[in-house]
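The values are calculated or read from the model by the stated rules, or taken from the named source; none is laboratory data. If you're wondering where the values come from, they're calculated on a predicted model, not measured in any experiment. As a convention, Cβ positions derive from the backbone with ideal geometry for all residues, glycine included, and neighbour counts pool all protein chains shown.
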Amino acid sequence: MTIQTIATQPFLDQKPGTSGLRKQVQVFQKPHYLQNFVQAIFDSLEGYQGQTLVVGGDGRYYNREAIQIILKMAAANGFGRVLVGRGGILSTPAASCVIRKYGAFGGIILSASHNPGGPDGDFGIKYNISNGGPAPEKVTEAIYARSKTIDRYLVLDAPDIDLDKTGILTLGEMTVEVIDSVSDYAQLMESLFDFDRIRELLTSGRFRMCMDSLHAVTGPYAHRIFEQQLGAPAGTVQNGVPLEDFGGGHPDPNLVYAHDLVEVLYGDNAPDFGAASDGDGDRNMVLGRRFFVTPSDSLAILAANAKLVPGYRNGLAGIARSMPTSQAPDRVAAQLGIDCYETPTGWKFFGNLLDADRATLCGEESFGTGSNHIREKDGLWAVLFWLNILAVRQQPVEEIVREHWKTYGRNYYSRHDYEGVDSDRANTMMTNLRSLAPTLKGKTFGNYTVEYGDDFSYTDPVDGSVSQKQGIRIGFTDGSRVVFRLSGTGTQGATVRVYLESYEPDPAKQDQDPQVALADLIAIAEEVAQLRATTGMDKPTVIT
Ligand code: G1P
Ligand code: ZN
């Protein structure tokens, strides 16, 4: 087996977004495209010779081919060992777990998360560092810079390896260990949650749950953990076989894309608890019987109940949430006397806070919740956390949420997405908002008076790094907010995200439809951003 040096030319569009490089499959299939990016990753790292790399993905179309390429490139570039999930499967949280557990130098995760898969869908690749978390901006910037000058990559001339049997193989000088995709992750979950109590709940005959894996990566994990280890009846996990195109669906666990689950939970004879996860297993949606828990509330409720869960019994160091996430967790943090950090969108910003033990729980409004157990958000972890709370409190989901609102007030919350917007128009809108926002201070819109308007900038309290232009915020004197951002994960045109939040302390007024409760703020968002004119749409494409 010889190491080949292949001459190549840079592609100029390999800038990692919110979560790695995401493009349509066809783009990744262009000759040298994937190889260039992988080599750009390796070239911007130092000290990995002889070290361990973790590789795995969400099983989407092109996963297997990409893994064979990456293994041969890792061998040619001098890695000592690669740990790869069987069949090329590792959920994003499992990859983070494996990187940490085995002291790997880093990991490459192949996924475009919740974006559709298949030959006409999306593919993605991201690099995670030794703490198990997404590479911070200085690393992704170095990768991007290298991708613009790259002129060669290294690859071992070797046959493909068998990914479908666990065991130890060699590729040139490098060892390849094909590992069980689930075991390490399942063990970690067992160390955090009261499995005995959850098993009691799931086998009591008084409680039914339904988990929809949306034909994505969590299928094998959910089967093993819920059905085999925790005794839930067979059939609890639906759509549990990962498919390369996710069965043609959109593997995003929200009310729109996980509609089958929503119908079950809102139907006759609904189960007590429903959950779904996304393409790569890091997102979660949680439902009670005829009841939806917003991700922001979920984070707040997990924090408020953390003492009921063995892994968090000793209390929380702090909570971190992304800026557009509602301020519900802030109220819990205040009550607990701990810090609540507000970071830019994207899990990479939580890494330093978790490493420095400043935050224990983290979350984003986009159906992402997690903790210091790994350095990614974690869908099944959130589901298990809820199950642990339900097993201890023995109350329905809805009752737990309503009690929470009574104690802390309700943060009405919604996100309106306008997808597939012309990029130039979207950028112009953001530029206009950027200059308009600061001038709005003191201005009144109906009952709302603007307290501040800015473009969110974040200074990392651990390393002092500054991230600018993270979203336009318009904050009102009563704590309500409207936030505008452009998505950093889309692959076609621009996606405009509008985040809306208001606060209702009065329990008698906590029962409204969020779209009704937020109607005034929705109108203000239209007035300041001219969304209809900009997007050419009269309503958002997705409301969550
Ligand atoms: C979206 C979410 C963000 C999440 C990211 C990766 O990014 O909004 O919270 O971290 O996906 O799952 P966006 O498309 O908004 O840049
Ligand atoms: Zn994801």
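Just a few scattered comments:
Quick grid of which residues meet (1) crowded, with 24+ Cβ neighbours inside 10 Å; (2) within 28 Å of residue 87 (Cα to Cα); (3) within 25 Å of the chain's Cα centre (by Cα):
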position: 199; (1), (2), (3): no, no, no
position: 223; (1), (2), (3): no, yes, yes
position: 255; (1), (2), (3): no, no, yes
position: 259; (1), (2), (3): no, no, yes
position: 276; (1), (2), (3): yes, yes, yes
position: 281; (1), (2), (3): yes, yes, yes
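- Search result, residues across the range 15-28 that are part of a loop (DSSP other than H, G, I, E, B) and either touching a strand residue (DSSP E or B) at 6+ places or on another chain (Cβ under 7 Å) or within 16 Å of ligand 2 (Cβ to nearest atom) (or both): 16, 18, 19
- Per-region count, the range 316-340, residues assigned to a strand (DSSP E or B) and either in contact with a Phe, Trp or Tyr (Cβ under 7 Å, 6 or more places away or on another chain) or buried (at least 23 other Cβ atoms within 10 Å of the Cβ) (or both): 5
Rundown of residues vs (1) within 16 Å of ligand 2 (Cβ to nearest atom); (2) under 26 Å from the mean Cα position of the chain (by Cα); (3) surrounded by 13 or more Cβ atoms within 10 Å (Cβ to Cβ), yes/no style:
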site	(1), (2), (3)
439	no, no, no
449	no, no, yes
461	no, yes, yes
470	no, yes, yes
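- Some residue of the range 89-99 being surrounded by fewer than 24 Cβ atoms within 10 Å (Cβ to Cβ) and of a type outside the set (A, V, I, L, M, F, W, C): no
Okay, residues lined up against (1) touching a strand residue (DSSP E or B) at 6+ places or on another chain (Cβ under 8 Å); (2) touching a residue at least 40 places away in the same chain (Cβ under 8 Å); (3) of a type outside the set (D, E, K, R):
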residue	(1), (2), (3)
13	yes, no, no
30	no, no, no
49	no, no, yes
52	yes, yes, yes
75	yes, yes, yes
99	yes, yes, yes
104	yes, yes, yes
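- Residue within the range 95-107 that is more than 14 Å from ligand 1 (Cβ to nearest atom), within 19 Å of the chain's Cα centre (by Cα) and charged (D, E, K, R) present: yes
- Sub-6 Å Cβ pairs linking a first residue in the range 416-429 that is touching a residue at least 24 places away in the same chain (Cβ under 8 Å) and aromatic (Phe, Trp, Tyr) to a second residue that is surrounded by 13 or more Cβ atoms within 10 Å (Cβ to Cβ) and in a helix (DSSP H, G or I), at least 6 apart or interchain, are 418/535, ordered by first then second residue.
- Selected residue (only one of 343, 360 is surrounded by 24 or more Cβ atoms within 10 Å (Cβ to Cβ), among the β-branched types (Val, Ile, Thr) and away from ligand 2 (no atom under 16 Å from the Cβ)): 343
Yes/no matrix, rows are residues, columns are (1) of a type outside the set (Phe, Trp, Tyr); (2) touching a Lys or Arg at 6+ places or on another chain (Cβ under 7 Å):
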{"site": "358", "(1), (2)": "yes, no"}
{"site": "365", "(1), (2)": "yes, yes"}
{"site": "374", "(1), (2)": "yes, yes"}
{"site": "386", "(1), (2)": "no, no"}
{"site": "391", "(1), (2)": "yes, yes"}
{"site": "399", "(1), (2)": "yes, no"}
{"site": "410", "(1), (2)": "yes, no"}
{"site": "414", "(1), (2)": "yes, no"}
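- All positions within the range 121-156 that are closer than 14 Å to residue 99 by Cβ, in contact with a strand residue (DSSP E or B) (Cβ under 7 Å, 6 or more places away or on another chain) and not aliphatic (A, V, I, L, M): 126, 127, 128, 130, 134
- Test for residue 359: is it within 16 Å of ligand 1 (Cβ to nearest atom), hydrophobic (A, V, I, L, M, F, W, C) and under 29 Å from residue 183 (Cα atoms): yes
- In the range 201-221, of all residues being part of a helix (DSSP H, G or I) and in contact (Cβ under 8 Å) with a residue 60 or more places away in the chain, the one that is surrounded by the most Cβ atoms within 10 Å (Cβ to Cβ) corresponds to 218.
- Identification of strands (runs of 3 or more DSSP E) wholly contained in the range 247-300 with 1 or more residues that are within 16 Å of ligand 1 (Cβ to nearest atom), closer than 25 Å to residue 60 by Cβ and touching a helix residue (DSSP H, G or I) at 6+ places or on another chain (Cβ under 8 Å) yields 273-277, 284-288.
- If you go through the range 333-348 and keep only what is at negative phi and more than 16 Å from ligand 1 (Cβ to nearest atom), you end up with 333, 334, 335, 336, 338, 339, 340.
- Cβ-Cβ distances below 9 Å connect the following pairs, each with a first residue in the range 494-511 that is within 16 Å of ligand 2 (Cβ to nearest atom), a second residue that is part of a helix (DSSP H, G or I), and a separation of six or more residues or different chains: 495/426.
- Candidate set from the range 348-405 (those that are under 12 Å from the mean Cα position of the chain (by Cα) and polar (S, T, N, Q)); member that is modelled with the lowest pLDDT: 366
- Among the residues of the range 225-239, those that are assigned to a helix (DSSP H, G or I) and out of contact with any Phe, Trp or Tyr (no Cβ under 9 Å at 6 or more places or on another chain) comprise 226, 227, 228.
- Filter pass, residue 381 being under 24 Å from residue 353 (Cβ atoms), within 16 Å of ligand 2 (Cβ to nearest atom), crowded, with 20+ Cβ neighbours inside 10 Å and of a type in the set (Phe, Trp, Tyr): yes
- For residue 542, the criteria (1) under 17 Å from residue 430 (Cα atoms); (2) within 16 Å of ligand 1 (Cβ to nearest atom); (3) buried (at least 17 other Cβ atoms within 10 Å of the Cβ) hold in every case but one, which is (1).
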